[in-house]
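Only one structure is covered here, and it is reproduced in the block below.
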Amino acid sequence: MLSTEEAKKIGLRACIDKLGYSFCKKYEETTVYGYREEDGLVECYVGIDNRQNDNDKKSSPLFLDDTKMSPYYARCSVSRADGTITFLEEHIPMNWTKHYKKAVTFSYDDGVTPDVKLLEIFNKYGIKCTFNLNYGLGPTNGGWEYMGKPVNRLDLAENVEKYAGHEIAAHALTHPDLTKLPLEEARREMAEDKEGLTKLFGKSPVGMAYPFGTFNDEVVNMLDELGFQYARTVWSSHNFDVQTDLLRFRPTCHHDDEKLFELAEEFLAMETDEPKIFYVWGHSYEFEGNENWDRIEKLCQMLSGRDDIFYGTNEEVLL
Ligand SMILES: [Zn+2]
């Protein structure tokens, strides 16, 4: 029979091993540990909170609820009777930078019917994308026109499987301009979108894209409080640098950017010791309206199949 102290030591050690010792060391200042005991089982938790904003970190309880969960954590239980370790939950960093120096990721908004065709293209080339969805909107909420072509929203509940293998992120419940709403209303829009998408897709979104690309400091803080770890703006950076202000993340460019292929060539040819990210965003209905599906096909063809590039979702690449 192990003492509580012994079981705790084993459990915390196992969690640290799971996360990687050097990773815990790197984020030492924001690493939180915890344990609790019930029925002869000692449950241990090690979490690393590398969020930029300090608001949440200060109040981080050791066992966090879903919305306050630190980005990386491991939780296990240790049986005091025989020392058996059982992992209960884990969210381990991808650490793509260990094996690669370059990563490619995509971000598409609104959950519209041409997403299905876009997904086929991404899947054909082994490209990973993040889809930013409005849980509260579907085909019955009315469509609109883009370049004279009708745009309709997908019935998300009927298309869960189609998005398999890609990341689902939030885009607010009903696509409002978050800066024009009272803060509490904006918070409800984001919290309910997150909750609905979690129910539908079985995983809580960790990121979002700003509807209409608009945000302000209050909105950014509110997202941080809700546990969002990155939020995409619509300002092109036209570069591949790793960014630290992830709640004001700037994509490399939109897919219709006139520099798109120039940037792609530059990225492919680039030799680097620092991690570099090529991040493209847009809406799938734009390919339909602009009749330029060949553009995304060409881009995917160019970027895919390289063993020096990591193809990941936004979550995998940015966090
Ligand atoms: Zn949108």
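For segment 212-231, a residue qualifies if it is within 14 Å of the ligand (Cβ to nearest atom) and under 18 Å from L246 (Cβ atoms), and the qualifying residues are G213, T214, F215, A231. Just one of the numbered conditions (1) part of a helix (DSSP H, G or I); (2) in contact with a Leu (Cβ under 7 Å, 6 or more places away or on another chain) is not true of I121: (2). Applying the criterion of being loosely packed, with under 11 Cβ neighbours inside 10 Å, of a type outside the set (S, T, Y) and not in a loop (DSSP other than H, G, I, E, B) to the residues of segment 17-66, the residue that is modelled with the lowest pLDDT is D66. Restricting G165, G148 to those that are away from the ligand (no atom under 16 Å from the Cβ) and modelled with pLDDT of 95 or more reduces the list to G148.
Scoring R75 on the criteria (1) at pLDDT 95 or above; (2) not assigned by TED's automatic domain parsing to the domain that holds V280 leaves a single failure, condition (1).
Yes/no matrix, rows are residues, columns are (1) touching a residue at least 24 places away in the same chain (Cβ under 8 Å); (2) in a helix (DSSP H, G or I):
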site: M208; (1), (2): yes, no
site: V220; (1), (2): yes, yes
site: W235; (1), (2): no, no
site: L247; (1), (2): yes, yes
site: P251; (1), (2): yes, no
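The sole residue among G126, G111 that is touching a residue at least 12 places away in the same chain (Cβ under 8 Å), exposed (fewer than 13 other Cβ atoms within 10 Å of the Cβ) and either away from the ligand (no atom under 15 Å from the Cβ) or under 20 Å from G207 (Cβ atoms) (or both) is G126. For T174, the criteria (1) of a type in the set (S, T, N, Q); (2) out of contact with any Gly (no Cβ under 7 Å at 6 or more places or on another chain); (3) within 14 Å of the ligand (Cβ to nearest atom) hold in every case but one, which is (2). Kindly evaluate A191 against the criterion of being among the small types (G, A, S), assigned to a helix (DSSP H, G or I), more than 16 Å from the ligand (Cβ to nearest atom) and assigned by TED's automatic domain parsing to the domain that holds V220. For A191, the condition - among the small types (G, A, S), assigned to a helix (DSSP H, G or I), more than 16 Å from the ligand (Cβ to nearest atom) and assigned by TED's automatic domain parsing to the domain that holds V220 - is met. The helices (runs of 4 or more DSSP H) located wholly in segment 273-319 that include 2 or more residues which are modelled with pLDDT of 95 or more and surrounded by fewer than 21 Cβ atoms within 10 Å (Cβ to Cβ) occupy 284-289, 293-303. Take the residues in segment 100-118 that are of a type outside the set (D, E, K, R), in contact with a strand residue (DSSP E or B) (Cβ under 7 Å, 6 or more places away or on another chain) and assigned to a loop (DSSP other than H, G, I, E, B); name whichever of them is nearest to A269 (Cα to Cα). The residue in question is Y100. Restricting segment 136-166 to residues that are touching a residue at least 40 places away in the same chain (Cβ under 8 Å) and in a strand (DSSP E or B), the residue that is surrounded by the fewest Cβ atoms within 10 Å (Cβ to Cβ) is K149.
The values are calculated or read from the model by the stated rules, or taken from the named source; none is laboratory data. Note that the coordinates shown come from a computational prediction; the quantities given were computed from them, not determined experimentally. Positions of Cβ are generated from backbone atoms using ideal geometry, with glycine treated the same way; all protein chains shown enter the neighbour counts.
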